[in-house]
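Comments concern the structure below.
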Amino acid sequence: HWDEIRFRFLFKLEKGNNKYKISLVDSQNSISKPLINMNHLRTNLPNEYVTPSTESVLGSPDDILILWDGAYAGEVHAGKYGVIGSTLMRCCPKKEDLEIDYAYFALKGLEMVVRDLTIGMGIPHVNPDTLKNIVLPLPPLSEQRAIAAFLDRETARIDELIKKKERQIELLQEKRTALISHAVTKGLNPNVKMKDSGIEWLGEIPEHWEIIPLRWYLRIGSGSFLSNTEFVAEPMEGLDIPVIGGNGIMGFTDKANIGKTTIAIGRVGVYCGNVHFVKAPAWVTDNALMLSGIRAFEVEYLSLLLKVLNLNRLANQNTQPLVTGTMVKGQRVPLPPISEQRAIAAFLDRETARIDALIEKI
């Protein structure tokens, strides 16, 4: 007893545009309107407020929005009040016997079909003719309302479960960070005598540990340039040596510039200060600093300690943030006996693996 209706008979399409001005007044001004764009819909970032022109496309909660261009073309979102940006298509219901909440769920259910039908070699975009010919099931209005109410209730329940699981993961990640921080700066013996380190962020350390400047215990240089034609995104036969950049593994190559386990630190950009424990063979790029000549430290313990130092805080605040070897070598850090360093590293390997397994399970 349901009908089958083509999209063209259910909705009028109106593509958003960039015909507006960035507002210089606050969001309470009656002229300003929230800008609805891909970033806002996908990340829940606060809206920019803009001043619409006579050619602006204005949306409402009684619409459905489809991302029209880009990597997420075909994605379906509930309508919102505001100025519709150029990457979005506003779908306005044509029929009085179409419940908008039901229509949203019906299109959401066909989202992967719409996404599979996008076209374009460079930037994918939705083909309007294809979209207009998609057939949607249309029950009587009373059933549309019942289905929408059911899905509102059930998806809200699932969303709440997801939120609880995400909070569990956040708490486990916080526990993981605190565990590492405590072990590398306080040791594993809760009954050991402590002394003031003389370093504000560090506080007390075990009485028999030293405080040393890093500069006397290692060398730091930049990694080496590697053209993007010389590595691949996924490992394959003959190209399985990891390429390490500021944010860790960025690809795989057939050559190496390190022959023993070491540490790489993000040197420039948003990932500067990130610390990576690097097993040989590997290629460390010029986007990272590379440690060598490490003395008196177990490399794994030192990598954990450097992560606790939060080296990103050292970055200059220019347009292109930068962490230099001199900045890193200028740090004063605790130095436990080598036997304790090994014990701490082994303990953290075991305990963080347990936490990581719990996170993976969740």
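Given the convex hull over the Cα atoms of the stretch 220-356, what projected area results after averaging over all orientations, in nm²?
Mean orientational projected area (the stretch 220-356, Cα hull): 9.2 nm².
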(message) Can you tally the net charge around Lys195? Count Lys and Arg as +1, Asp and Glu as -1, for every other residue whose Cβ sits under 12 Å from the Cβ of Lys195.
(response) -2
(message) Not counting ligands, DNA or RNA, and with a 1.4 Å probe, what is Leu10's accessible surface area in Å² rounded to the nearest 10?
(response) 10
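With every protein chain present, what is the per residue accessible area of the chain (1.4 Å probe, Å²)?
56
Distance check, please: which entries in Lys307/Lys361; Lys15/Lys80; Lys279/Lys361; Lys186/Lys307 exceed 23 angstrom between their Cα atoms?
Listed pairs above 23 Å: Lys307/Lys361; Lys279/Lys361.
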(message) Take Ala149 and Thr43, extend 7 Å from each Cα along the Cα→Cβ direction, and tell me the distance between the two endpoints in nm.
(response) 3.9
(message) Please give me, ordered by residue number, the GluC sites (Glu not before Pro) of the stretch 172-260 that lie in loop per DSSP and have at most 12 other Cβ atoms within 10 Å.
(response) Glu200, Glu207, Glu237
(request) Work through the residues other than Val135 whose Cβ is under 12 Å from its Cβ and net out their charges, Lys, Arg +1 and Asp, Glu -1. (result) +1
(message) With a 1.4 Å probe and all protein chains kept in place, how much accessible area does Arg6 have, in Å² rounded to the nearest 10?
(response) 100
(message) Please list, in order, the residues from the stretch 220-234 whose amide nitrogen is less than 17 Å from a point placed 7 Å along the Cα→Cβ vector of Asp254.
(response) 226-234
(message) What is the percent carbon and sulfur in the accessible area of the stretch 231-362, measuring with a 1.4 Å probe over the protein chains and ignoring ligands?
(response) 52
(request) Please work out the Kirkwood hydrodynamic radius for the stretch 163-224, using every pair of different C-alpha atoms, and report it in angstroms with one decimal place. (result) 14.6
(message) Going by Cα centres, the stretch 235-286 and the stretch 31-97 are how many Å apart?
(response) 41
(message) Based on the alpha-carbon set only, what is the convex hull volume of the chain divided per residue, in Å³?
(response) 218
(request) With a 1.4 Å probe and every protein chain left in place, tell me how much accessible area Asp3 has, in Å² to the nearest 10. (result) 90
(request) Leaving ligands, DNA and RNA out of it, rank Lys279, Lys165 by accessible area with a 1.4 Å probe, largest first. (result) Lys279, Lys165
(message) Once you compute Rg and the Kirkwood Rh from C-alpha atoms, what is the Rg to Rh ratio for the stretch 121-192?
(response) 1.39
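The values are calculated or read from the model by the stated rules, or taken from the named source; none is laboratory data. A quick note: this is a predicted structure, and the numbers were derived from the prediction, not measured. FYI the Cβ positions are ideal-geometry reconstructions off the backbone, even for glycines, and counts take in every protein chain you see. When the accessible area is computed, the model is the full protein with side chains, heavy atoms only, and any ligands, DNA or RNA have been set aside. Shrake-Rupley method; radii C 1.70, N 1.55, O 1.52, S 1.80 Å.
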